[in-house]
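The values are calculated or read from the model by the stated rules, or taken from the named source; none is laboratory data. Being a predicted model, the structure only gives us computed values, none of them experimental. Don't worry about glycine lacking a Cβ; one is built from the backbone with ideal geometry, like all the others, and counts go over all protein chains shown. Quick note on the areas: whole protein, heavy atoms, side chains included, nothing else; ligands and nucleic acids left out. Shrake-Rupley method; radii C 1.70, N 1.55, O 1.52, S 1.80 Å.
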Amino acid sequence: PPPPPPTEASGTVPAEAPPPAPPLGEEPPAGLHFVVTPNPVTDVYSTTFRVVGPPAVWVTEIRVRVYDLPGRLVWEGCAAGAEIVWHTEDFSGRPLANGVYLYRVEACVAGTWLTSAVQKLVIYR
């Protein structure tokens with residue numbers, strides 16, 4: 001059966017909706033931290049989303065959604081474990097243009113989906 005839908009731990013916007021403006025200083029739930037490296041993406045064509053912190057050892061799956069500034073979904077991916085590599089391309093495989101993008105990470109921790117705050121990612125090659 002498919003995994004249960006993610007729960008919104010950092011807001012009330014459904015995961016499928018365009019993200020709201022990034023909140024300032026909001027920490028992810030349950031002591032998890034969501035990081036992306038490198039950020040900004042400059043001389044490379046990929047970046048890695050990771051779940052870090054003590055509870056990260058219980059992460060079984062990670063999902064990432066990347067949006068452009070108007071709120072259009074430009075990429076999404078999922079992977080087993082606590083990290084996923086993205087090659088900074090859109091759904092058709094074309095590299096994304098330089099600019100600011102918004103992303104949200106979802107992590108399955110001990111069977112419960114936790115969602116990060118909306119964060120910024122910069123591509124500047």
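Have a look at PRO95, PRO54, PRO70 and point out the one that is open to solvent by 20 Å² or more (accessible area, probe 1.4 Å), over 19 Å from LYS120 (Cβ atoms) and not charged (D, E, K, R).
Of the residues listed, the single one that is open to solvent by 20 Å² or more (accessible area, probe 1.4 Å), over 19 Å from LYS120 (Cβ atoms) and not charged (D, E, K, R) is PRO54.
State yes or no: is VAL85 of a type in the set (Val, Ile, Thr), surrounded by fewer than 19 Cβ atoms within 10 Å (Cβ to Cβ) and at pLDDT 95 or above?
yes
Within the stretch 92-121, how many residues turn out to be among the aliphatic types (A, V, I, L, M) and over 13 Å from the mean Cα position of the chain (by Cα)?
Final tally of qualifying residues: 5.
Taking the stretch 28-64, which residues are β-branched (Val, Ile, Thr), closer than 26 Å to VAL100 by Cα, touching a residue at least 40 places away in the same chain (Cβ under 8 Å) and in contact with a strand residue (DSSP E or B) (Cβ under 7 Å, 6 or more places away or on another chain)?
Once the filter is applied, which keeps residues that are β-branched (Val, Ile, Thr), closer than 26 Å to VAL100 by Cα, touching a residue at least 40 places away in the same chain (Cβ under 8 Å) and in contact with a strand residue (DSSP E or B) (Cβ under 7 Å, 6 or more places away or on another chain), the stretch 28-64 yields VAL36, VAL41, THR47, VAL51, ILE62, VAL64.
Quick one: which strands (runs of 3 or more DSSP E) lie wholly within the stretch 69-125 and hold at least 3 residues that are touching a residue at least 60 places away in the same chain (Cβ under 8 Å) and under 17 Å from GLY53 (Cα atoms)?
Per the criteria, 99-109, 112-115.
Please indicate, with yes or no, whether at least one residue in the stretch 106-118 is closer than 19 Å to HIS33 by Cα, open to solvent by less than 20 Å² (accessible area, probe 1.4 Å), polar (S, T, N, Q) and out of contact with any helix residue (DSSP H, G or I) (no Cβ under 6 Å at 6 or more places or on another chain).
Yes; the residues of the stretch 106-118 include at least one that is closer than 19 Å to HIS33 by Cα, open to solvent by less than 20 Å² (accessible area, probe 1.4 Å), polar (S, T, N, Q) and out of contact with any helix residue (DSSP H, G or I) (no Cβ under 6 Å at 6 or more places or on another chain).
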